[in-house]
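Here's the structure we're looking at; comments come further down.
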Amino acid sequence: MKRVYLLMLSALLLLGSCNQAHKGENAAVAEVALEDHMSAADYADAAATGKIAAEMSSQAPSATVDPVKPVAEKKIIRSGTLSIEAKDVKESKAGLDNTLKKFQGYYENESATNADTYTSYDLVVRIPSANLDKFLSELERGKDKITEKSLKAEDVSTQYYDVESRLKSKRAYLERYQQMVSSAKSVKDLLEIQEQIRMLQEEIDASESVLRSMSGQVNYSTLTIRLFEEKANLPMGSNSFMTRVKEAFAFGWNLIENLALGVIGLWPVVLLVAAVVYVVRTIRKRKRAKRTGTGIK
């Protein structure tokens, strides 16, 4: 009897284990099937998404990234004025010539004045902008005295690049009009095209002239220099005591000269007065002579 119970219990346990194994197998199969189903759906969605993206990317214009433009070079016009007092103006002028040549500059204008109290040179100097500071330092280290110094810098970058941009546009329009000449259908059209070409060419020439002028001022700085020497052989200084003494002597001498010249200029009056005095004295003498003769009689 015990054997029968044991056999029945073993059969039930075996049956339960088989059912569990079958359920586990079914769950695994279902899970695999679900995974396979989801994977297929995901793959389908991914494929569809990739296709749409490809179509949109093919329809959309390609976005080109502009290269980073370099920072435009500043266009600076530098200019200034200098006043230099020299002990020997000729020697200083020769030294200035050598210094200017050393820094690749040149005289744009030069004039000399030789007055009673001073000798001077009025100079307009053009020097490469890159050498301007070196040129000024050389002058400041010299033996002459800089009595006045004024420098100015003007930024013309906006004006320069505006003219340059307009010039490029005008050249592009000119090229188009020149291409239209061969396709003109009538004499009237040809004349109108040629007139537009002429006007554009004049504007281009004017813009090029402006750019050349601005480039010249940017590349070469302008200095106005007054180099002078007081004519008193004294330490530099136009208001020194000895200078004023010399001016006082000069004033006194000029006064004597002017008085002498004034007297000489009055010679007709002097002659007239002398003649009148002579006539008066002659008449008086005659009168006295008559009175004396009458008394003797």
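The values are calculated or read from the model by the stated rules, or taken from the named source; none is laboratory data. The shown structure was predicted, so the numbers you read here are calculated from the model rather than taken from an experiment. Virtual Cβ from ideal backbone geometry, glycine too; neighbours counted across all protein chains shown.
Every condition in (1) within 30 Å of E73 (Cβ to Cβ); (2) touching a helix residue (DSSP H, G or I) at 6+ places or on another chain (Cβ under 6 Å); (3) in the same structural domain as D88 (by TED's automatic domain parsing) is met by S207 except one, and the failing one is (3). Exactly one residue out of K152, K168 is part of a strand (DSSP E or B) and under 28 Å from the mean Cα position of the chain (by Cα), and it is K152.
Rundown of residues vs (1) assigned to a loop (DSSP other than H, G, I, E, B); (2) closer than 17 Å to V124 by Cβ; (3) modelled with pLDDT under 90, yes/no style:
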{"position": "K51", "(1), (2), (3)": "no, no, yes"}
{"position": "E55", "(1), (2), (3)": "no, no, yes"}
{"position": "P70", "(1), (2), (3)": "yes, no, yes"}
{"position": "T81", "(1), (2), (3)": "no, yes, no"}
{"position": "E91", "(1), (2), (3)": "no, no, no"}
{"position": "K101", "(1), (2), (3)": "no, yes, no"}
{"position": "Q104", "(1), (2), (3)": "yes, yes, no"}
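Right, E202: under 15 Å from D162 (Cβ atoms) and of a type outside the set (A, V, I, L, M, F, W, C) or not? The answer is no for E202. The set of residues in region 117-128 being surrounded by fewer than 16 Cβ atoms within 10 Å (Cβ to Cβ) and over 13 Å from T224 (Cα atoms) consists of T117, Y118, P128. Just one of Y161, Y121 is closer than 30 Å to I84 by Cα, under 28 Å from the mean Cα position of the chain (by Cα) and of a type in the set (F, W, Y); which is it? Answer to the check: Y121.
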